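Peer 1: I am attaching a structure below and will ask some questions about it afterwards.
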Amino acid sequence: MELIRPSSGSGPVIMGVLNVTPDSFSDGGQHHTSADASSHGLALFGQGAALVDVGGESTRPGAVRIDLETELARVIPVVSALSAAGVAISIDTMRADVAKASVAAGARMINDVSGGLADPAMLDTAAELGVPVVLMHWRGFSEHMNELSHYEDVVSEVRDHLAGRIEAALAAGIPADSIVVDPGLGFAKEADHNWQVLSHLGTFTALGYPLLVGASRKRFLGAALADTAGTPRPATERDAGTAAVSVLCAQAGVWGLRVHDVQSTADALVVLHHWQEAQRD
Ligand code: PMM
């Protein structure tokens, strides 16, 4: 299966987030039934998502893991329904068995936030399935994530970690043109770490692999957009801030943007496109 590429001049691929969970921090509980989730996935596709990223396990800091059966029961009906409707699906999972069942149900890509570290069978499975895989920077499961956010130099440490995951994926037989990397904003990272990573995206694109960024509605945006009393902006009111990050990431040459509100990022990318076209005239 070929990696979806941005069409020429249209900016990065937009990956719409579809969490089929009761407890994700930003949209948890909204799309908990398969029918609700599928209709939301279709809406994201209609707004310009080239991929819809279906996830059944919350990775919110502190979240406790769910079992395999629960994860399968949440995601497979949604992956099947959306794939049958012609929507390209990535499956957001750390489990090889979920990846396998999802690809059998029509998914075209694996998004493993652990970069193949959570399940030792994941990279071999991805190689066997022949689908592209997102390898994200990851230091441990959500339950303990907040204890793991210590860095000397977050940019070089994340880069070196991703370089190691690329090596592991290649060694497992995943072709180089099927690998996407992601610095994992908010995963074992404080706000300052996220801003450091975002302001040095060139360090990650220099790895030579397509780069995915998932800033959408994350806590560091809520903190940046806090009111005068210091109360963070609620998650669902962070989409304008997210769209601003999307434009800056597009200018830095990222491959993809993982966002909840596809419309605002799609609009922002159209504006950027016109701006850049006018500069060429
Ligand atoms: N973030 C979340 C979940 N999956 N996958 C990738 N590749 N990159 C991310 O940044 C990422 C992810 C957590 O956000 P959510 O709970 O809003 O989905």
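Peer 1: Taking springs between alpha-carbon atoms closer than 10 angstrom, which of T125, T231, T21 fluctuates most in the Gaussian network model of the chain?
Peer 2: The residue that fluctuates most here is T231.
Peer 1: Convex hull over the alpha-carbon atoms of the chain: what's its volume per residue in Å³?
Peer 2: 125
Peer 1: Among A176, A105, A215, determine the one that fluctuates most according to a GNM of the chain built with springs between C-alpha atoms less than 10 Å apart.
Peer 2: Judging by the Gaussian network model, the answer is A176.
Peer 1: At a 10 angstrom cut-off on C-beta neighbours, averaged per residue, how do the peptides 106-117, 188-199, 238-249 rank from highest to lowest?
Peer 2: Highest to lowest by the protection proxy: 106-117, 238-249, 188-199.
Peer 1: Could you sort R95, R5 by accessible area so the largest value comes first, with the probe set to 1.4 Å?
Peer 2: From most exposed to least exposed: R5, R95.
Peer 1: How would you rank 34-46, 141-153, highest first, on the average number of other Cβ atoms within 10 Å across their residues?
Peer 2: Result, highest mean first: 34-46, 141-153.
Peer 1: Which one, G46, T125, G241, projects farthest toward the positive side of the charge dipole computed for the chain from Cβ point charges (K/R +1, D/E -1)?
Peer 2: The listed residue farthest towards the positive side: G46.
Peer 1: Moving on. Could you grab the relative contact order for segment 143-212? Cα pairs under 8 Å, six or more apart, rounded to a whole percent.
Peer 2: 44 percent.
Peer 1: Oh, and also: So which residue, out of L212, L51, L68, gets the largest mean-square fluctuation from a GNM of the chain using Cα contacts under 10 Å as springs?
Peer 2: Looking only at L212, L51, L68, the largest GNM fluctuation is found for L68.
Peer 1: Over segment 140-281, what is the relative contact order in whole percent, taking alpha-carbon pairs under 8 Å and six or more residues apart?
Peer 2: 20
Peer 1: Report the Cα centroid-to-centroid distance between segment 163-207 and segment 48-109 in angstrom, as an integer.
Peer 2: 21
Peer 1: For segment 159-247, what is the accessible area per residue in Å², given a 1.4 Å probe and the full set of protein chains?
Peer 2: Value for segment 159-247: 41 Å² per residue.
The values are calculated or read from the model by the stated rules, or taken from the named source; none is laboratory data. It should be emphasised that the depicted structure is a prediction, and the values quoted were computed from it without experimental measurement. No Cβ is skipped: glycine too gets one built from the backbone with ideal geometry, and neighbour counts run over all protein chains shown. What goes into the accessible areas is simple: the full protein's heavy atoms, side chains included, and nothing from ligands, DNA or RNA. Shrake-Rupley method; radii C 1.70, N 1.55, O 1.52, S 1.80 Å.
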